[in-house]
Amino acid sequence: MRVLDDFFERALSRKSVFRDKKYLSIDYIPDELPHREEEILKLASILVNILRGSRPSNVFEYGPVGTGKTAVTRLVLKKLSEKAEKAGIKFRYAYINCRFYRTNYRALVKVAMELGLRIPRTGLPVDVILSLLIRKLEDNYRFFLIVFDEIDWLVKYSGDDILYQFTRLNSELSKSEVSLIGITNDTRFREYLDARVLSSLSEETVVFHPYNQEQLYDILLQRAKLAFHEETIEDEAIRYAAALAARDGDARRAIDLLRVAGEIADRNGDPKVTVEHVKRACDEVEKNIISEVISILPPNQQLLLLAIAGLSKITRNRITTGKVKHVFDWLLSQIGKQPITLRRVNDYLAELETLGIISSTIVSFGRHGRTRIIKLEVPIETIEDLLSKDPLYSELYSELIRFITP
């Protein structure tokens, strides 16, 4: 098409504000992480035992989203791997993002694949996979470290069996030793673990606190110098992005704001990223984050969110847990599923609240007891747009509105 040819020619003729966009990628780990020196040294002081020839303690890392947990872990492990190789120590680590591998079986298979084993995604007994892992470790490595990022997704969705199996693995190894790192945003994570797992972990803790505005500015300035051509981004734009992200102390969001602002400037053919570009980027980033989180929720939680969105749209009264469960059970019945317990519904609500999609408050009615009041924290239109992309959810939502309309 001529119109496409002309569009691409015009786009290529304009100079991009970016020198190299990879420096604004979530996967890029700089050699220097500003304002995380204390956490880096704490984690390194635990893992240095590997270089001394002994197994390090298991570690749990806690902190809100975007506080550098993953970046610090990857940086320390990268440097540790280099030192171990120079010292002739057979060390290897596996990184598992539990948001994407959130069943015990899938997480176990991913660990095996990280070691180079070929394992079918379904069908092979767990004890067989563990036997293959043991043989691989005994033949090739002295130390093996498994990082479970967003480990709460795995435990809440599938239980903690895999953690117990890995903590007990050392009793079956004679030449190798295994340690675990768990990374989570949920400070209550340990409450979800069985007592036998807790006693086996004997972990140390590294806590990450949110960045403040000046710290975020330092981080963005470091990235901007690498990612943008000189004189193509205003300092005020960097400071504004830092101020926006400082509400949650989230460096990941701050970096996303700069990247999207640069993309908007490029699309417009603008020579410099300004505060206005960052303002427009803020809307896009918020929508993208919500979209990503909702798209990977389990089906039952997506249905529950559908119920809350419908109630938020129609009812003018306060949305109680009882109302949510009533509508949720109706939705389940429409697709041939059985109702679930109130306790399970409360678990789902707690997870949605942890993700910031809803909020809740406990209200007392005196002798009539207490109930939880649910409030949607993202625009209803956003939920509708995202879930309506699925034909089943779109049809269910239309029927739901008719069901709850007075």
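The values are calculated or read from the model by the stated rules, or taken from the named source; none is laboratory data. None of these values were measured; they are calculated from a predicted model. For neighbour counting, all protein chains shown are included, and Cβ atoms are generated from backbone atoms with ideal geometry for every residue, glycine included. Accessible surface areas use protein heavy atoms only, side chains included; no ligands, DNA or RNA. Shrake-Rupley method; radii C 1.70, N 1.55, O 1.52, S 1.80 Å.
Just to verify a result, which residue in the stretch 245-285, among those that are among the acidic types (Asp, Glu) and either modelled with pLDDT of 95 or more or more than 17 Å from the chain's Cα centre (by Cα) (or both), is farthest from Asp20 (Cα to Cα)?
This residue is Asp283.
Can you tell me which residue is farthest from the chain's Cα centre (by Cα) among those in the stretch 159-199 that are among the small types (Gly, Ala, Ser) and crowded, with 17+ Cβ neighbours inside 10 Å?
Ser176
From (1) open to solvent by 10 Å² or more (accessible area, probe 1.4 Å); (2) over 30 Å from Asp347 (Cα atoms), pick out the condition that doesn't hold for Asn104.
Going through (1) open to solvent by 10 Å² or more (accessible area, probe 1.4 Å); (2) over 30 Å from Asp347 (Cα atoms) one by one, Asn104 breaks only (2).
Pull out all pairs, ordered by first then second residue, where Cβ-Cβ is under 9 Å, the residues are six or more apart or on different chains, the first lies in the stretch 258-280 and is crowded, with 19+ Cβ neighbours inside 10 Å, and the second is of a type in the set (Ser, Thr, Tyr) and in a helix (DSSP H, G or I).
Close Cβ pairs (under 9 Å, with a partner that is of a type in the set (Ser, Thr, Tyr) and in a helix (DSSP H, G or I)) amount to Val278/Tyr240.
Can you spot a residue in the stretch 78-96 that is among the polar types (S, T, N, Q) and in contact with a Lys or Arg (Cβ under 9 Å, 6 or more places away or on another chain)?
Yes, that holds for at least one residue.
Scan the stretch 104-148 for residues that are among the acidic types (Asp, Glu) and closer than 17 Å to Lys90 by Cα and jot them down.
Passing the criteria: Glu114, Glu138, Asp139.
Only one residue in Leu47, Leu77 is open to solvent by less than 70 Å² (accessible area, probe 1.4 Å), outside any strand (DSSP E or B) and in contact with a strand residue (DSSP E or B) (Cβ under 6 Å, 6 or more places away or on another chain), so which one is that?
Leu77
Just to be sure, is Glu381 surrounded by fewer than 16 Cβ atoms within 10 Å (Cβ to Cβ), in contact (Cβ under 8 Å) with a residue 60 or more places away in the chain and either in a helix (DSSP H, G or I) or not hydroxyl-bearing (Ser, Thr, Tyr) (or both)?
no
Checking the structure you have, find out if any residue of the stretch 242-254 is part of a loop (DSSP other than H, G, I, E, B), in contact (Cβ under 8 Å) with a residue 60 or more places away in the chain, open to solvent by 50 Å² or more (accessible area, probe 1.4 Å) and under 21 Å from Pro34 (Cα atoms).
Scanning the stretch 242-254, I find at least one residue that is part of a loop (DSSP other than H, G, I, E, B), in contact (Cβ under 8 Å) with a residue 60 or more places away in the chain, open to solvent by 50 Å² or more (accessible area, probe 1.4 Å) and under 21 Å from Pro34 (Cα atoms), so the answer is yes.
Considering each residue of the stretch 82-114, count those that are touching a residue at least 24 places away in the same chain (Cβ under 8 Å) and not in a helix (DSSP H, G or I), and give that number.
Adding up the residues that qualify gives 16.
Just the residues that are surrounded by fewer than 17 Cβ atoms within 10 Å (Cβ to Cβ), polar (S, T, N, Q) and either in contact (Cβ under 8 Å) with a residue 12 or more places away in the chain or in a loop (DSSP other than H, G, I, E, B) (or both), please, taken from the stretch 129-158.
Asn140, the sole residue that qualifies.
Answer yes if at least one residue in the stretch 311-323 is farther than 24 Å from Val155 by Cα, charged (D, E, K, R), surrounded by fewer than 16 Cβ atoms within 10 Å (Cβ to Cβ) and within 20 Å of the chain's Cα centre (by Cα), and no otherwise.
The answer is no; no qualifying residue exists.
Would you check if there is a residue in the stretch 392-400 being open to solvent by less than 60 Å² (accessible area, probe 1.4 Å), at pLDDT below 85, in a loop (DSSP other than H, G, I, E, B) and over 22 Å from Arg188 (Cβ atoms)?
No; the residues of the stretch 392-400 include none that is open to solvent by less than 60 Å² (accessible area, probe 1.4 Å), at pLDDT below 85, in a loop (DSSP other than H, G, I, E, B) and over 22 Å from Arg188 (Cβ atoms).
Restricted to the stretch 200-214, and to residues that are at pLDDT 95 or above and open to solvent by less than 30 Å² (accessible area, probe 1.4 Å), which residue is nearest to Ser16 (Cα to Cα)?
Tyr211
Restricting to the stretch 324-358, and then to whatever is more than 21 Å from Asp390 (Cα to Cα) and among the β-branched types (Val, Ile, Thr), can you tell me which residue is nearest to the chain's Cα centre (by Cα)?
Thr354
Give me the residue from the stretch 215-236 that is assigned to a helix (DSSP H, G or I), touching a residue at least 24 places away in the same chain (Cβ under 8 Å) and among the acidic types (Asp, Glu) and, out of that set, surrounded by the most Cβ atoms within 10 Å (Cβ to Cβ).
Asp218
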